[in-house]
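Before any comments, here is the structure.
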Amino acid sequence: MAYRFSRFILSVFLNLFFEFKVEGRENLPKQGGFILACNHISYLDPVVLGVGCLRSVHFMARDTLFNNRFLAFWMKAVGVIPVKRDKADFSALKKSLNIARSGEGLAIFPEGTRRLPDKAFMNPEPGVGFLADKAGVPVIPAFIKGTYEALPKGVNRKINFGREIRLRFGKEIHIERGKPYQETSDLIMANIKQLSNN
């Protein structure tokens, strides 16, 4: 209930204050678990990805965001998974795997953190390759454009309303299981980058 209500409110926000467009929804699985892998350039990206995907998805977020009581309450209600950033968080990885294997959606940002546009698509985290290898579910690449202009990274950031924001879902990536996790992460990131050229 909390997820659907939040999605409705955020959908109204995106469509009312931005030129929000989505392409490739036909590439999303109609049922069963799946992983959405997307580039990350702004705090708006989870909102855009969650609204653009018509199925519910669980996000992974750094555990320090849960220090804010109100934000923590909301994130727990919508199924966000806290992740420790200073070391390999096997508990978070296990929870994420269980979500995907149980037939739900898992959204991940292979870069691990927000990147400036000129630093995008570089050095994806190997944990993404681990999840893709072990989950055994479809991996769908996604590309977001315009959120950096709408809400840039930085201390003096402010929302720039009226900007165009585009979300594009690509076709399922063929994951060859058993390969080095970093190699799988690089493959996923390359597919996301390819969507930026279309």
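The values are calculated or read from the model by the stated rules, or taken from the named source; none is laboratory data. The shown structure was predicted, so the numbers you read here are calculated from the model rather than taken from an experiment. Note: ideal-geometry Cβ built from the backbone for every residue, glycine included; neighbour counts use all protein chains shown.
I'm told Arg177 meets every condition in (1) closer than 22 Å to Ser96 by Cβ; (2) loosely packed, with under 13 Cβ neighbours inside 10 Å; (3) free of Cβ contacts under 8 Å to residues at least 40 places away in the same chain except one. Can you identify the failing condition by its number?
Failed condition: (3).
Of the residues that make up the stretch 45-65, is at least one in contact with an Asp or Glu (Cβ under 8 Å, 6 or more places away or on another chain) and β-branched (Val, Ile, Thr)?
Taking every residue of the stretch 45-65 in turn, at least one turns out to be in contact with an Asp or Glu (Cβ under 8 Å, 6 or more places away or on another chain) and β-branched (Val, Ile, Thr).
Select from the stretch 20-68 the residues that are among the small types (Gly, Ala, Ser) and not in a helix (DSSP H, G or I) and write down the one among them that is modelled with the lowest pLDDT.
Ala61
State which residue is farthest from Asp45 (Cα to Cα) when the search covers only the stretch 102-152 and only residues that are in contact (Cβ under 8 Å) with a residue 40 or more places away in the chain and of a type in the set (S, T, N, Q).
In this case the residue turns out to be Ser102.
Within the stretch 85-105, can you find the residues that are surrounded by fewer than 17 Cβ atoms within 10 Å (Cβ to Cβ), more than 21 Å from Pro138 (Cβ to Cβ) and not aliphatic (A, V, I, L, M)?
Once the filter is applied, which keeps residues that are surrounded by fewer than 17 Cβ atoms within 10 Å (Cβ to Cβ), more than 21 Å from Pro138 (Cβ to Cβ) and not aliphatic (A, V, I, L, M), the stretch 85-105 yields Arg85, Asp86, Lys87, Phe90, Ser91.
Of everything in the stretch 75-84 that's in a loop (DSSP other than H, G, I, E, B) and in contact with a strand residue (DSSP E or B) (Cβ under 7 Å, 6 or more places away or on another chain), which residue is surrounded by the fewest Cβ atoms within 10 Å (Cβ to Cβ)?
That would be Gly79.
Scan the stretch 10-25 and tell me whether some residue there is of a type in the set (Val, Ile, Thr), over 30 Å from Gly136 (Cβ atoms) and surrounded by fewer than 20 Cβ atoms within 10 Å (Cβ to Cβ).
Yes: one or more hits.
So is Gly129 modelled with pLDDT under 95, surrounded by fewer than 18 Cβ atoms within 10 Å (Cβ to Cβ) and of a type outside the set (A, V, I, L, M) or not?
Values: modelled with pLDDT under 95: yes; surrounded by fewer than 18 Cβ atoms within 10 Å (Cβ to Cβ): no; of a type outside the set (A, V, I, L, M): yes.
It is false that Gly129 is modelled with pLDDT under 95, surrounded by fewer than 18 Cβ atoms within 10 Å (Cβ to Cβ) and of a type outside the set (A, V, I, L, M).
Only one of these conditions is not met by Ala72: (1) in a helix (DSSP H, G or I); (2) small (Gly, Ala, Ser); (3) closer than 14 Å to Leu131 by Cβ. Which number is it?
Every listed condition holds for Ala72 apart from (3).
Would it be correct to say that Glu111 is buried (at least 19 other Cβ atoms within 10 Å of the Cβ), modelled with pLDDT under 95 and not aliphatic (A, V, I, L, M)? Give the steps one after another, and end with the answer.
Working: buried (at least 19 other Cβ atoms within 10 Å of the Cβ): yes; modelled with pLDDT under 95: yes; not aliphatic (A, V, I, L, M): yes.
Against the criterion (buried (at least 19 other Cβ atoms within 10 Å of the Cβ), modelled with pLDDT under 95 and not aliphatic (A, V, I, L, M)), Glu111 qualifies.
Among the numbered criteria (1) of a type in the set (Lys, Arg); (2) under 19 Å from Leu195 (Cβ atoms); (3) in contact with a His (Cβ under 9 Å, 6 or more places away or on another chain), which single criterion is violated by Lys95?
(2)
Which pairs have Cβ atoms under 7 Å, sit 6 or more apart or on different chains, and link a residue in the stretch 1-19 that is without any contact (Cβ under 8 Å) to a residue 60 or more places away in the chain and part of a helix (DSSP H, G or I) to one that is surrounded by 14 or more Cβ atoms within 10 Å (Cβ to Cβ) and of a type in the set (A, V, I, L, M)?
Matching pairs, first to second residue: Arg7/Val51; Leu10/Val47; Leu10/Val51; Ser11/Val51.
Quick check on Ile159: is it more than 17 Å from the chain's Cα centre (by Cα), surrounded by fewer than 22 Cβ atoms within 10 Å (Cβ to Cβ), farther than 23 Å from Arg25 by Cβ and among the β-branched types (Val, Ile, Thr)?
yes
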